[in-house]
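The next block holds one structure in the form of structure tokens; read it before the comments.
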Amino acid sequence: MCLFYGFVNNICSVVSVNRDNPVSGGINLFLKKKYQLIFKRNMAKRLLNALGYPQADSLNLNDEVTFKKIIVWLEINRVRSAPPNVLNTLKNFSARDWDNTYIRYKDGLGCPVLGTKLEELQWILGYAVQIETAANRNVYLKYAVENIQTSNVPSVVAENPLDKLDFRSKEFAEGIKELAKVLNIVPHSDPLVTLKAVRKVVTKRMAPDCVENPQKYILTGTPFPFQDADLGFDLNDSVLNQAAKILRMLYIHDLRELQTKANELIVAVQGITAYPKTDTKLGKSWILIRYARSD
Amino acid sequence: MLDELRNACRPGMVGGFLPGVKQIANVAALPGIVGKSVGLPDVHSGYGFAIGNMAAFDIDNPESIVSPGGVGFDINCGVRLLRTNLFEQDVLPVKEQLAQGLFDHIPVGVGSKGIIPMNAKDLEEALEMGMDWSLREGYIWAEDKEHCEEYGRMLNADPSKVSMRAKKRGLPQLGTLGAGNHYAEIQVVDEIYDKWAACKMGIEEKGQICVMIHSGSRGFGHQVATDALVQMEKAMKRDNIETNDRQLACARINSPEGQDYLKSMAAAANFAWVNRSSMTFLSRQAFAKQFLVTPDDLDMHVIYDVSHNIAKVEEHIVDGKPKKLLVHRKGSTRAFPPHHPLIPVDYQLTGQPVLIGGTMGTCSYVLTGTEHGMLETFGSTCHGAGRALSRAKSRRNLDYQDVLRKLEYLGISIRVASPKLVMEEAPESYKNVTDVVNTCHAAGISKKCIKLRPIAVIKG
């Protein structure tokens, strides 16, 4: 059911994309509207089918009695939210105030203002599907994409030994401090922050490729005296200015990484699109008087 | 100065400093202008706006105008600087061959045609995509885009607003240098004033070799500007816009004519970027062929690419409040300070590199933008030497043989397409670029960083 609902939603998005395409001309507009209508009818029938409505495929949704029957069936079997007096009126198809009661009923469900009854029906069907899915969540979760994938893979009980650590123990703090010392990191007062720094260094500098080709990873270049650089504003406090400068540097570093990634992406696309060519036969310079040093 | 005065007072004379000042004043009277109409140290008279003039107009003011005269006919004329890891001693023995190699690769002169095959569809795409087109086709490197004003693409470009005539003129000219003051030069780092900023640009030592390309949008931009002027005159009549000078044809920014011009100007700007990118590709090819190594191994990265004839929408602080302005820079280079969000990440600490092309045979400079310039001149500085003698006067007073002999004496190899232009572009026809740059440095609107001296020149 859940899967089916997802599938329906997919169709929905595909169709809505098509629907958004600018279509010009009266005939096209007419066809567009017609297809929308057919789609909505089919969609409603599929939802009814999924909810277990008898003989949903052969229904005539334009028929008023059928519509009323569906509403009552949905309320009794799936939605179950109407007070008894409302339900009784809805059950009586020939009641004079059926329409008013229906409006009250659908408003009570929170149905937004929609153009046609078919659209309203579709909304109520969606609502019913939601209730149904929520009630049987565990059943449907079995078919969720994540669970299908993991069920095919031999299950390994993930046990993280770090989970059992006491992060606030003295032993842990000292161990982290020791580790930071080995890696040349200035320890932070909070060992967890230090651990983050350790993780960064280990993942960046201790990766197998990095250990084998350190030159590829270690940044070379002339250091820039950022202390003398113009900050662009003054906070009237040398310590704050210093902090702002460091923030600037970190920001520039992030920006550089982003730009490098953008460049890498461009290069990857160039691998597909690039085909530079020249044709010297096309070239034409004006009167050629070459004046060169004679030596 | 006296010569200038005499020139300016003679009936029927055009050009020079004083008429330029008058033009700056006329621009100051245009509707919607914010702050001052600024004249940079290299100012001389041009069409409508002086060359070396910047003026900003408030976009939110419905009266504000856009003027093709404030951009110039060579839309997005600009300078690009490539660095190499070669040094003077590596290049001097093969200087002639290298100059010839560049000359063979880059078509020059008035009617020159490019060697990169293009059809009408390619042109349409290039006009819309700018340097992204060059990237897609594989003519340039991803890092080139990073080191270019606007990342080499004006997003509001609309090729459908460009006349068929402009496209016809532009199509064969992509990848050509053009004539006039345009050139490609092989230059040597002569002096480093700001070691750290130079280091960020990949310039480590004196003697390092660079390649400077100065070119624009060729006949395409000229046609776009000409077409726009016709439209603007109509719009002026309709909207009752009055100016002190007929050459200051303009239209309200939000009028259809104003918007059409901005869109077609952006397409012309994209054309110029593709043009300079194509020449970057050809220069890299020429160097690679000469030294039999890849351009990658020669570290031929673009240091920066500046535009000095353009109008752009920028945000500036006016009277303590952020304001959206349409900044016209004609013969004026953008010079944004450190930490400005619109400059590349590599130059966040140094400020935007500003490339000042000298004249043939004189030096060029790389400056960096400053905070002071941002406040005083909306982040603008000079663009070059600035003409001192009119073209006609240069032709009368100078002999091309003398000019070439002098260059030879200075050890500069030169390849030119037309001797007539050599006189017009002789250093004597221009102001001293060093004086111009020193003035900008002293005024604090930009900071000296590197001085470059040419050893080979390719010219139209």
Using modelled backbone amide H atoms (1.01 Å from N, in-plane), which distant-in-sequence or interchain residues come within less than 5 Å of B:I303's amide H? B:L81, B:L82, B:R83
Using only Cα atoms and rounding to the nearest 10 degrees, what angle (0 to 90) does helix B:17-28 make with the longest principal axis of chain B? 50 degrees
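What pairs from A:K69/A:K91; B:K289/B:K406; A:K277/B:K121 go past 18 Å between their alpha carbons? Don't jump to the answer; show the numbers that get you there.
Details: A:K69/A:K91 8 Å; B:K289/B:K406 30 Å; A:K277/B:K121 16 Å.
B:K289/B:K406, as the Cα separations exceed 18 Å there.
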Backbone HN-Hα couplings from phi across the range A:180-197 [Karplus 6.51/-1.76/1.60, Hz, Gly and Pro as x]: 4, 4, 4, 8, 6, 10, 6, x, 8, 5, 8, x, 5, 5, 4, 4, 4, 5
Hits in the range A:103-122: amide N under 17 Å from the 7 Å Cα→Cβ extension of A:D97, namely A:103-108
B:Q187 long-range amide H proximity, modeled H, under 5 Å: B:C210, B:V211, B:M212, B:I455
What nm distance separates the two modelled labels at A:V182 and B:D239, each placed 7 Å from Cα along Cα→Cβ? 7.2 nm
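According to the square roots a ≥ b ≥ c of the eigenvalues of the Cα gyration tensor, what is the shape class of the protein assembly as shown, taking rounded for a/c under 1.5, prolate for a/b larger than b/c otherwise, and oblate for the remainder?
On the way: a/c = 2.32, a/b = 1.65, b/c = 1.41.
Judged from the Cα gyration tensor, the protein assembly as shown comes out prolate (a/c at least 1.5, a/b above b/c).
So for each of B:20-32, B:366-378 I average, over its residues, the number of other beta carbons within 10 Å; can you give me the resulting order with the highest mean first? Please list the in-between numbers first.
Working: B:20-32: 20.0, B:366-378: 23.2.
For the peptides B:20-32, B:366-378, the packing ranking is B:366-378, B:20-32.
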Extension gain B:R246-B:K168, at 0.36 nm per residue separation less the Cα-Cα distance, in nm? 25.2 nm
When we measure straight from the Cα of A:K142, which lysines land under 26 angstrom away, once same-chain ones fewer than 8 places off are left out? A:K45
How large is ³J(HN,Hα) for each residue in the range A:78-88, as worked out from phi by the Karplus curve 6.51 cos²θ - 1.76 cosθ + 1.60 (θ = phi - 60°), to whole Hz, x for Gly and Pro? 10, 6, 6, 10, 7, x, x, 5, 5, 4, 4
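Using a Förster distance of 51 angstrom, determine the FRET efficiency expected from the C-beta separation of B:E124 and A:L192, and round it to 0.05. Show your work: numbers first, answer last.
Details: r = 57 Å, r/R0 = 1.13.
Calculated transfer efficiency: 0.35.
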Quick one: what are the phi-derived ³J(HN,Hα) couplings along the range B:72-82, Karplus 6.51/-1.76/1.60 with θ = phi - 60°, whole Hz, x for glycine and proline? x, 7, 8, 4, 6, 5, x, 10, 10, 10, 10
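Between B:D190 and B:E96, what's the calculated FRET efficiency when r is the beta-carbon distance and R0 is 22 Å? Round to 0.05.
Values: r = 21 Å, r/R0 = 0.94.
That gives a FRET efficiency of 0.60.
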Can you give the angle from 0 to 90° between the axis of helix B:400-409 and the longest principal axis of chain B, with both taken from C-alpha atoms, to the nearest 10? 50 degrees
Note down the relative contact order for chain B as a percent, whole number, built from C-alpha pairs under 8 angstrom at least six residues apart. 24 percent
First measure r as the distance between the Cβ atoms of A:A135 and A:K164, then evaluate 1/(1 + (r/R0)^6) with R0 = 30 Å and state the FRET efficiency to the nearest 0.05. 0.20
Could you name the lysines whose alpha carbon sits less than 21 Å from that of A:K170, not counting residues in the same chain fewer than 8 places away? A:K181, A:K196
Radius 15 Å from Cβ of A:Y53, net charge of other residues (Lys, Arg +1; Asp, Glu -1): +2
Amide H neighbours of B:G46 under 5 Å, at least 5 residues apart or on other chains, H built in the peptide plane: list them. B:I51
Taking the Cα-to-Cβ direction at B:A25 and at A:Y251 and moving 7 Å from each Cα, how far apart do the two end points lie in nm? 4.4 nm
DSSP beta bridges in chain B, what fraction antiparallel, as a percent rounded to 5? 95 percent
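When Cβ neighbours within 10 Å are restricted to other protein chains, what is their mean count per residue of peptide B:102-109?
Details: counts 0, 4, 3, 3, 2, 6, 3, 5.
For peptide B:102-109, the averaged partner shielding equals 3.
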Helix B:433-443: inclination vs chain B longest Cα principal axis, degrees, rounded to 10, gives 60 degrees
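None of the figures in this text is laboratory data; all of them are computed from the coordinates on show. Only a predicted model underlies this, so the values are computations on that prediction, with no experimental measurement involved. Don't worry about glycine lacking a Cβ; one is built from the backbone with ideal geometry, like all the others, and counts go over all protein chains shown.
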